[in-house]
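Here the structure comes first, spelled out in structure tokens, and everything after it is commentary.
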Amino acid sequence: MAGDPLLRAMYPEEDLGPAEERMRLFLMQYWGGPRTYGERRGHPRLRMRHAPFHVDLAAHDAWLRHMRAAVEESHLPPHLERQLWDYLSSSAAAMINAR
Ligand code: HEM
């Protein structure tokens, strides 16, 4: 994300560390881990939280491309990789809010 001009411009903070941490905590919670995300941020309401950002098809494609690279780097067993990828790709489609 950091090296992608289209996406980088969407992230309001200078330091991407906190955004990365929110994503990490969200995914940990979503997959049944500690509820730290909810304690810090409340209900995820992801569609609502993305509403201030222009998530069009180009942003969706770029975001998923980087996620694909991250998923591949993690070398999960194939059945887990498929589950994670299905989740990321269907939720990314649901996040599109602009043309
Ligand atoms: C479709 C393309 C997407 C784009 C372009 C995008 C972009 C963004 C941006 C610009 C932010 C604000 C950065 C920040 O946290 O300060 C954000 C926040 C976040 N995004 Fe996305 N996002 C996308 C899809 C997704 C998907 C599919 C998920 C979950 C599966 C997700 C999870 C999150 C989370 C957890 C936050 C932090 C929410 C909070 O607590 O404030 N995003 N995203």
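The values are calculated or read from the model by the stated rules, or taken from the named source; none is laboratory data. Keep in mind that what you see is a predicted model, and the values were worked out from it rather than measured. All Cβ positions, even for glycine, are placed from backbone atoms using ideal geometry, and neighbour counts span all protein chains on display. Note: accessible area is taken over every heavy atom of the protein model, side chains too, but ligands, DNA and RNA are not part of it. Shrake-Rupley method; radii C 1.70, N 1.55, O 1.52, S 1.80 Å.
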- Query: Considering only residues of region 1-41 that are in contact (Cβ under 8 Å) with a residue 12 or more places away in the chain, charged (D, E, K, R) and within 9 Å of the ligand (Cβ to nearest atom), which is least open to solvent (accessible area, probe 1.4 Å)?
  - Reply: 22
- Query: Is there a residue being on the phi > 0 side of the Ramachandran plot, open to solvent by less than 40 Å² (accessible area, probe 1.4 Å) and free of Cβ contacts under 8 Å to residues at least 60 places away in the same chain anywhere in region 42-62?
  - Reply: yes
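Going through region 73-96 one residue at a time, which ones are more than 9 Å from the ligand (Cβ to nearest atom), in contact with a helix residue (DSSP H, G or I) (Cβ under 7 Å, 6 or more places away or on another chain) and not in a helix (DSSP H, G or I)? Lay out the reasoning, then the answer.
Pass one, region 73-96, residues more than 9 Å from the ligand (Cβ to nearest atom): 73-86.
With in contact with a helix residue (DSSP H, G or I) (Cβ under 7 Å, 6 or more places away or on another chain) added as a condition, the list becomes 76, 81, 84-85.
76 - this is the single residue of region 73-96 that is more than 9 Å from the ligand (Cβ to nearest atom), in contact with a helix residue (DSSP H, G or I) (Cβ under 7 Å, 6 or more places away or on another chain) and not in a helix (DSSP H, G or I).
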- Quick one: would you say residue 70 is within 10 Å of the ligand (Cβ to nearest atom) and either outside any helix (DSSP H, G or I) or open to solvent by less than 80 Å² (accessible area, probe 1.4 Å) (or both)? no
